[in-house]
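The block underneath contains the structure these notes are about, expressed in structure tokens.
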Amino acid sequence: MSTLDRYSMPQIVLHWLIAVIIIGEWISSDGMGRALHARLEGNTVWTEGATPHVWLGCIVFALILVRILLRWRQGAPTPVEESSDLMATAAKLGHLLLYALMVAVPIFGMLAWFGGIHVAGEVHETVGNALLFVALGHAAFAIWHHFIKRDGVLNRMRLSSGR
Ligand code: HEM
Ligand code: HEM
């Protein structure tokens, strides 16, 4: 097991960069349903507004794959202490779910947009919204841990190396 007390700097930079781009993806997702319908009907003029969502989504997908590779090669610091084994398992499963959703969301988006598979768009929307809720819960837990339990969990993801 790892004895590090924080993630590696590349993992930390990727965590925040990916989080910011994902928020940008939610903001730019408005109107994507209409753009997909226009594209499926061959109306390319109406799909130009979709460019930021599509390309940022492809870029964040590549960054997510790099992040998973780094996580696999470099591991993670020893988990913070949880109040019970159940909470420790929940934290682990929560992180796993976030990774699974981060991979699934852009894959279904690409299947819809580049593959022209209409139903993939519906799945993309559903898993995209699930990612939003799980990430919000994750952020709330991190803040609760740091400020209420005072276990310094945010320091493990801090961009500056000082204490
Ligand atoms: C992590 C990255 C992404 C997130 C968080 C995300 C999020 C979302 C969300 C929340 C919606 C629903 C918008 C609505 O309510 O109308 C949406 C729609 C859509 N997104 Fe993404 N997206 C991502 C990546 C991508 C990628 C990579 C593509 C394609 C290359 C894509 C293509 C689409 C399309 C075609 C729709 C319309 C789906 C439909 O209404 O059937 N997205 N996206
Ligand atoms: C879209 C938004 C976000 C996503 C997808 C996300 C995803 C993740 C994932 C998958 C991990 C597990 C890292 C690993 O063990 O490999 C993680 C860790 C972490 N995240 Fe996030 N995160 C997001 C936003 C946030 C926000 C807003 C905060 C702070 C308020 C935050 C704070 C943390 C902290 C402190 C850790 C380390 C947890 C620990 O070591 O136990 N994250 N994040």
Looking at this structure, is Leu63 more than 17 Å from Tyr7 (Cβ to Cβ), within 16 Å of ligand 2 (Cβ to nearest atom) and open to solvent by less than 90 Å² (accessible area, probe 1.4 Å)? no
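Test Leu69 against the criterion of being open to solvent by 40 Å² or more (accessible area, probe 1.4 Å), within 17 Å of Glu25 (Cβ to Cβ) and out of contact with any strand residue (DSSP E or B) (no Cβ under 8 Å at 6 or more places or on another chain), and give yes or no. Even if it seems obvious, please write down each step before you answer.
Numbers: open to solvent by 40 Å² or more (accessible area, probe 1.4 Å): yes; within 17 Å of Glu25 (Cβ to Cβ): no; out of contact with any strand residue (DSSP E or B) (no Cβ under 8 Å at 6 or more places or on another chain): yes.
So Leu69 fails the test.
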Residue list for the stretch 121-142, filter: in contact with a helix residue (DSSP H, G or I) (Cβ under 8 Å, 6 or more places away or on another chain), open to solvent by 70 Å² or more (accessible area, probe 1.4 Å) and more than 11 Å from ligand 2 (Cβ to nearest atom): Glu125
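Name the single residue that is surrounded by the most Cβ atoms within 10 Å (Cβ to Cβ) among those in the stretch 90-101 being among the hydrophobic types (A, V, I, L, M, F, W, C) and within 16 Å of ligand 1 (Cβ to nearest atom).
The selected residue is Leu101.
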Gln11 versus (1) assigned to a helix (DSSP H, G or I); (2) farther than 22 Å from Val134 by Cβ; (3) out of contact with any Ser or Thr (no Cβ under 9 Å at 6 or more places or on another chain): which is the lone unmet condition? (2)
Qualifying residue in the stretch 17-25 (condition: in a helix (DSSP H, G or I) and in contact with a Pro (Cβ under 9 Å, 6 or more places away or on another chain)): yes
Please specify each residue of the stretch 144-160 satisfying the condition of being out of contact with any helix residue (DSSP H, G or I) (no Cβ under 6 Å at 6 or more places or on another chain) and open to solvent by less than 90 Å² (accessible area, probe 1.4 Å). Lys149, Gly152, Asn155, Arg156, Arg158, Ser160
Which numbered condition Glu48 misses (of (1) open to solvent by 70 Å² or more (accessible area, probe 1.4 Å); (2) closer than 23 Å to Leu159 by Cα; (3) not β-branched (Val, Ile, Thr)): (2)
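Pull up the stretch 72-89, narrow it to residues that are loosely packed, with under 14 Cβ neighbours inside 10 Å and of a type in the set (A, V, I, L, M, F, W, C), then point me to the one that is nearest to ligand 1 (Cβ to nearest atom).
Result: Trp72.
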Of the conditions (1) open to solvent by 40 Å² or more (accessible area, probe 1.4 Å); (2) in contact (Cβ under 8 Å) with a residue 24 or more places away in the chain, Arg34 clears all except one; give me its number. (2)
Within the stretch 18-45, count every residue that is under 17 Å from His118 (Cα atoms) and more than 9 Å from ligand 1 (Cβ to nearest atom). 6
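Name the residue that is farthest from the chain's Cα centre (by Cα), counting only residues in the stretch 120-157 that are among the acidic types (Asp, Glu) and within 16 Å of ligand 1 (Cβ to nearest atom).
By that ranking, first place goes to Glu122.
The values are calculated or read from the model by the stated rules, or taken from the named source; none is laboratory data. This structure is a prediction, so every number in the text was calculated from the model and none was measured. FYI the Cβ positions are ideal-geometry reconstructions off the backbone, even for glycines, and counts take in every protein chain you see. Remember, those area values only see protein heavy atoms, side chains included, never the ligands or the DNA or RNA. Shrake-Rupley method; radii C 1.70, N 1.55, O 1.52, S 1.80 Å.
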